[in-house]
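The next block holds one structure in the form of structure tokens; read it before the comments.
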There are 2 protein chains.
Amino acid sequence: MAKLRFNISVSLDGYVAGPDQTLEEPLGRGGEDLHEWVVKLRTWREAHGMEGGSDGRDNEAMRDMLHNVGATIMGRGMFGGGSGPWNMDEPWRGWWGTSPPFKHSVFVITHHPREKLTFDNGTSFTFVTDGIRSAYDQAMEAAGGRDVMIGGGADVADQYLAAGLVDEMDLHVVPILLGGGSRLFADAGADMHGLELVRTTPGDGVVHLKFARGV
Amino acid sequence: MAKLRFNISVSLDGYVAGPDQTLEEPLGRGGEDLHEWVVKLRTWREAHGMEGGSDGRDNEAMRDMLHNVGATIMGRGMFGGGSGPWNMDEPWRGWWGTSPPFKHSVFVITHHPREKLTFDNGTSFTFVTDGIRSAYDQAMEAAGGRDVMIGGGADVADQYLAAGLVDEMDLHVVPILLGGGSRLFADAGADMHGLELVRTTPGDGVVHLKFARGV
């Protein structure tokens, strides 16, 4: 059965972004360090049209995560474009440039309606204004039997976890302290909503913890 | 060279104790779950005079941590007995009963002076009122070339980390959320003070991360 999946990097002290987040530094002070292990991987570089990069266990972990994904859900912040109504005089096409790396349907959760955006490479952005459950249903439909990935941010993932809809979760524990910032799963509280640790994979400057729904 | 070492269990969301800590529930709501992996181990049970328990990688990790320790430093809370002056009319001998499991010199950091306590099994408690550096010096002297362990609580470990005195640290990441409580390294901020991840060991319901001073 198709799954709702999610992965995120978290610091030792439980932060998914550092303190003092700004438009220039959206991940806050030190927050970029959470993703150092990712951006050097071959798979990540390929997906973003770059050559080279490292192979090995982290790259395998990343490839597993990208495998069999048929649609993505993300928050407005992850798509880009502030929090107010869209300015359609100068229609902003998000952070993702002219060739977004998804190559499938992306559902953006927002309070503000907007026409669907379509790209030549198969990526489309559909703007969903009636909540996370609706985005879930639309994404599952679009994925056609493949899995749906929550692309972020952490607040969106948090809402899906709290709603008990997440089937599989990869946490990448990065051995740094951020000392403040955005907390992992602030809404979900103390409840893993049925997810259990099923695998631990030590990597290079990161540890991958895989969680799945208990059987 | 003798090292100052420290180990602690931490939740996925970066807590070392849960919310709503009381005298009856000193680890807060859900906090006991952080130590489930420990209390079932053969090594832990032996140290506390009990038979049985599980072997395997977690037990080895625990045995490594207890190995070559010549003295222990702990906070007043870990020793037990409230936070005010000692009531010597009914002299409280701490949480540790008549046969504390240390069998070496323990240095208790407190604001309130008290005579040294000595037990038949080789354990003694010395009460140190002049700060963490003094406790460090006394413990290193008593350890006679073996290592010194910070027994807790987390606030004491945090102070030693912030002072740059910790040489080796084992973090046991437990795949649960506590949703609130005492933060790992609230004082040390975003600084690992020279400690680097050197080994990751997946265990049974826990992942051991070993940190050591970079060379």
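The values are calculated or read from the model by the stated rules, or taken from the named source; none is laboratory data. The shown structure was predicted, so the numbers you read here are calculated from the model rather than taken from an experiment. When we count neighbours, we look across all protein chains shown, and the Cβ atoms used for this are built from the backbone with ideal geometry, even at glycine.
Looking at A:163, A:143, just one residue is closer than 29 Å to residue A:197 by Cβ and crowded, with 20+ Cβ neighbours inside 10 Å, and that residue is A:143. Going by what's in this entry, would residue A:166 be described as closer than 25 Å to residue A:64 by Cβ and away from chain B (no Cβ under 14 Å)? The answer is no for residue A:166.
In the stretch B:143-150 there is at least one residue matching the filter, namely being at pLDDT 90 or above and part of a helix (DSSP H, G or I). Among residues of the stretch B:169-189 being more than 9 Å from chain A (Cβ to nearest Cβ) and within 13 Å of the chain's Cα centre (by Cα), the one that is farthest from residue B:36 (Cα to Cα) is B:169.
With the condition kept exactly as written, say whether any residue in the stretch A:45-67 is away from every other protein chain (no Cβ under 14 Å) and touching a Gly at 6+ places or on another chain (Cβ under 6 Å). Scanning the stretch A:45-67, I find at least one residue that is away from every other protein chain (no Cβ under 14 Å) and touching a Gly at 6+ places or on another chain (Cβ under 6 Å), so the answer is yes. Checking each residue of the stretch A:14-28 against the condition of being hydrophobic (A, V, I, L, M, F, W, C) and either within 12 Å of chain B (Cβ to nearest Cβ) or in contact (Cβ under 8 Å) with a residue 24 or more places away in the chain (or both) gives at least one match.
Residue-by-condition table, conditions (1) farther than 20 Å from residue B:77 by Cβ; (2) loosely packed, with under 14 Cβ neighbours inside 10 Å; (3) at pLDDT 90 or above:
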residue	(1), (2), (3)
B:3	yes, no, yes
B:12	yes, no, yes
B:15	no, no, yes
B:21	no, no, no
B:34	no, no, yes
B:46	yes, no, no
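Among the conditions (1) of a type outside the set (A, V, I, L, M); (2) within 12 Å of chain B (Cβ to nearest Cβ); (3) in a loop (DSSP other than H, G, I, E, B), the only one that residue A:122 does not satisfy is (2). Residue selection: residue B:117 fails the criterion of being within 14 Å of chain A (Cβ to nearest Cβ) and either at pLDDT below 95 or surrounded by 18 or more Cβ atoms within 10 Å (Cβ to Cβ) (or both). Please enumerate the residues belonging to the stretch B:190-205 that are among the aliphatic types (A, V, I, L, M) and at the interface with another protein chain (Cβ under 9 Å from one of its Cβ atoms). Passing the criteria: B:190, B:192, B:195, B:197. When B:150, B:176 are screened for being over 30 Å from residue A:191 (Cβ atoms) and of a type in the set (Val, Ile, Thr), only B:150 passes. Screening the stretch B:174-203 for residues that are surrounded by fewer than 18 Cβ atoms within 10 Å (Cβ to Cβ) and hydrophobic (A, V, I, L, M, F, W, C) and picking the one that is farthest from residue B:56 (Cα to Cα) gives B:186.
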